[in-house]
Amino acid sequence: MDFLRLAIEELLANRTPSLRVAVDRFVRLVRTHQRDAEAIAMLQPRIDVGSRWALAALLENTSEPEAADALYARVVDAEGREIPDVLLRRARLCAQGGEEVRAVRFLRLALQEATDYSFFIRAEALVQRCKPQFPIRRQCRIALLGSSTTSFLKSILEMQLLRDGVAAKFY
């Protein structure tokens, strides 16, 4: 069996704890072997979440970022909800294309649904880059008392507050 078909079957089996990890591994494998065009052709007729996500990720770095965005829009979970990691990818695409206001809309949606600590780590740099574009309705001051163990707490709080339109100054 061709390794690409086998890789697609492994992606669909998703034996990892995260579909994001499975898609990232698949895309890395395809790019390492320079089989992007072949993988795209094999994934296009498929309609499952993993295939759509992988296809969008492969198209993301080609000359078709709009096609990738359209595919990402169709990647939803079993309940029809958008997946925070997919929203983060769409936000990155928008920011790369200079559409930071649109990127902020995707970031706000992603931050609303995200519960995974590692998601916040992945989102932090983009949130900081787009920070001036977040709509701010209130300002507040927050004092954090603690040691280095609270250093990332500040970042998570700031992202959640920005999502809700609050600019915080931390002490």
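The values are calculated or read from the model by the stated rules, or taken from the named source; none is laboratory data. Bear in mind that the values here come from a model prediction, so they are computed numbers and not experimental data. Cβ sites come from the backbone with ideal geometry, for glycine too, and all protein chains shown count toward neighbours. Side chains are part of the model used for accessible areas, which takes the heavy atoms of the whole protein and leaves out ligands, DNA and RNA. Shrake-Rupley method; radii C 1.70, N 1.55, O 1.52, S 1.80 Å.
Matching residues to (1) open to solvent by less than 50 Å² (accessible area, probe 1.4 Å); (2) farther than 24 Å from Glu10 by Cβ; (3) at pLDDT 90 or above:
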{"residue": "Gly50", "(1), (2), (3)": "yes, no, no"}
{"residue": "Ala57", "(1), (2), (3)": "yes, no, yes"}
{"residue": "Asp77", "(1), (2), (3)": "yes, no, no"}
{"residue": "Asp85", "(1), (2), (3)": "yes, no, yes"}
{"residue": "Thr115", "(1), (2), (3)": "no, yes, no"}
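Okay, residues lined up against (1) surrounded by fewer than 16 Cβ atoms within 10 Å (Cβ to Cβ); (2) of a type outside the set (D, E, K, R); (3) under 17 Å from Cys94 (Cα atoms):
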| residue | (1), (2), (3) |
| --- | --- |
| Ala123 | no, yes, yes |
| Gln128 | yes, yes, yes |
| Ile136 | yes, yes, no |
| Ile142 | yes, yes, no |
| Thr149 | yes, yes, no |
| Phe152 | yes, yes, no |
| Leu157 | no, yes, no |
| Leu161 | no, yes, no |
| Gly165 | yes, yes, no |
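Only residues in region 38-61 that are touching a residue at least 24 places away in the same chain (Cβ under 8 Å) count as the first member; pair them with residues that are buried (at least 21 other Cβ atoms within 10 Å of the Cβ) and not in a helix (DSSP H, G or I), Cβ under 6 angstrom, at least 6 apart or cross-chain, and list the lot.
That search, which allows pairs on different chains as well, returns Val49/Val75; Trp53/Val75.
Take Ala73 and tell me if it is touching a residue at least 40 places away in the same chain (Cβ under 8 Å) and surrounded by 13 or more Cβ atoms within 10 Å (Cβ to Cβ). Working first, answer last.
Numbers: touching a residue at least 40 places away in the same chain (Cβ under 8 Å): no; surrounded by 13 or more Cβ atoms within 10 Å (Cβ to Cβ): yes.
Spelling it out, it is not the case that Ala73 is touching a residue at least 40 places away in the same chain (Cβ under 8 Å) and surrounded by 13 or more Cβ atoms within 10 Å (Cβ to Cβ).
Can you tell which of Arg90, Arg102, Arg20 is within 12 Å of the chain's Cα centre (by Cα), at pLDDT 90 or above, basic (Lys, Arg) and open to solvent by less than 70 Å² (accessible area, probe 1.4 Å)?
Working: Arg102 fails: within 12 Å of the chain's Cα centre (by Cα); Arg20 fails: at pLDDT 90 or above.
Checking each option against the conditions leaves just Arg90.
Taking the conditions exactly as written (of a type in the set (D, E, K, R) and modelled with pLDDT under 90), does Glu64 satisfy them or not?
Working: of a type in the set (D, E, K, R): yes; modelled with pLDDT under 90: yes.
Answer is yes for this residue.
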